[in-house]
Amino acid sequence: MKLEAPALPGSSGSRHGRFLHGCRLAMLLAAIFSTVALPSLARAAEQRVLRAYVGTYTGPKSKGIYAFTFDPATGKAGKPEVAVESPSPSFLAVHPSGRLLYSVGEIGDFRGKPEGIVAGFAIDPATGRLDALGQESSGGAGPCHLVVDSTGKHVLVANYGGGSVAVLPIRDGGKLGPATCTVQHAGASEDKSRQSGPHAHSIHLDAAQRFAFAADLGLDKILVYRWDPAKGTLTPNDPPAASVKPGSGPRHFTFGQGDRHAYAINEMACTVTAFDYDAPKGVLSEIQTISTLPGKREAGYSTAEVVLHPSGKFLYGSNRGHNSIAVFAIDAKTGKLTAVEQASTLGKTPRNFVIDPTGAWLLAENQDSDTIVIFAIDPASGRLKASGATVDVPSPVCVRFVESRGA
């Protein structure tokens, strides 16, 4: 594009005239380029590159936490690399700042006690590598799920093997301190082979950060706690829990849009239980239980994860054994679910899965086939369609996104 300088008033051959001419020309060129160049720069700035971190079970093939880039505009993924070596960092949580990552460590012994760990990592924004910040006891055996509160000052963790939940403070620099609170669950339920004692399988906070919810597979209950972020403590709510059908085995939990409803996926029964949620009181009231399967549950079938679509219109749940993602439409008024489909994950043993922030893509982790399969989400129906893209990661369990512009 060739730009000719127009004749401007005051463009005489004098020093003053040349100065005015230069200033006015600069102003004109700036105005022209502001309309020509800036929109393309704005478009570039709007392009979002995500970095996906993958928690795994370590062993002969996996070394720890892996990372790869993901472009939500195209659904394309980069080549995964080891971000850090760590023992069985199966489940991950990202700090609100996007600069820290925390993982459980499913180890059998920590400092001579039968406990697992929670480990902290600093994220290198340029490379995506993770720098270890130390680790602390998870407060029980078999930690399997964790979240970071919205203040970024606490990690809440659920211990499946120990049947407990705990709160660990996040200190300056991202390092963890010893637990400020540990709550031991007690009781049993119908299936004596799996429910002879408590098994806390996940812990979540509501949007208002007033209550914490722990799905306990062994008790067939969603335990509800009042959350005090100033002290880092959990206190039983009144009532202290919501129950599901005996033998269901609640595993993971999520809220619907606006926190008016909530959903628990039940591992043993292969069902989802929908609740009305009284946010001021922290009370859950069951309104529906629906199967995640197209037919009868068979031996070896179980569920793993439940995720709300960013639009609030759809709910997704993973079926192990059946190796599928169950898709449900959500009634906006009642919160009740209607089955849409069960889409094959094109692999074995889907665990956690994640939907990108745009709501266009679902990434399903197939633990026993060492793959993460990328699906396109139909915005009208919620149905899934395989994109043809697969990321090879050994024993993938959990994926979490971190925004990384320019990665």
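The values are calculated or read from the model by the stated rules, or taken from the named source; none is laboratory data. Model, not experiment: these values are computed from the prediction. Here the Cβ positions follow ideal geometry from the backbone for every residue, glycine too, while neighbour counts run over all protein chains shown.
Below is a table of values for the structure above.
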read-out	value
Checking residue 310 against (1) in a strand (DSSP E or B); (2) of a type outside the set (S, T, N, Q); (3) within 18 Å of residue 375 (Cα to Cα), the condition it does not meet	(1)
Filter result for residue 120 (at pLDDT 95 or above, assigned by TED's automatic domain parsing to the domain that holds residue 78 and in a loop (DSSP other than H, G, I, E, B))	no
Region 227-242 residues that are within 16 Å of residue 179 (Cβ to Cβ), paired with ones that are of a type in the set (Val, Ile, Thr) and loosely packed, with under 14 Cβ neighbours inside 10 Å (beta carbon under 9 Å, 6 or more apart)	229/151
Exclusive hit being touching a residue at least 24 places away in the same chain (Cβ under 8 Å), more than 23 Å from residue 375 (Cβ to Cβ) and in the same structural domain as residue 361 (by TED's automatic domain parsing), set 67, 83	83
Whichever residue in region 261-296 is charged (D, E, K, R) and modelled with pLDDT of 95 or more and, among such residues, is farthest from residue 350 (Cα to Cα)	281
Qualifying positions in region 246-285 - over 20 Å from residue 158 (Cβ atoms) and of a type in the set (Lys, Arg)	260, 281
Selection within region 313-339 - in a strand (DSSP E or B) and touching a helix residue (DSSP H, G or I) at 6+ places or on another chain (Cβ under 9 Å)	320, 330
Top-ranked residue in region 226-255 [being in a loop (DSSP other than H, G, I, E, B) and of a type outside the set (D, E, K, R); ranked as farthest from residue 290 (Cα to Cα)]	230
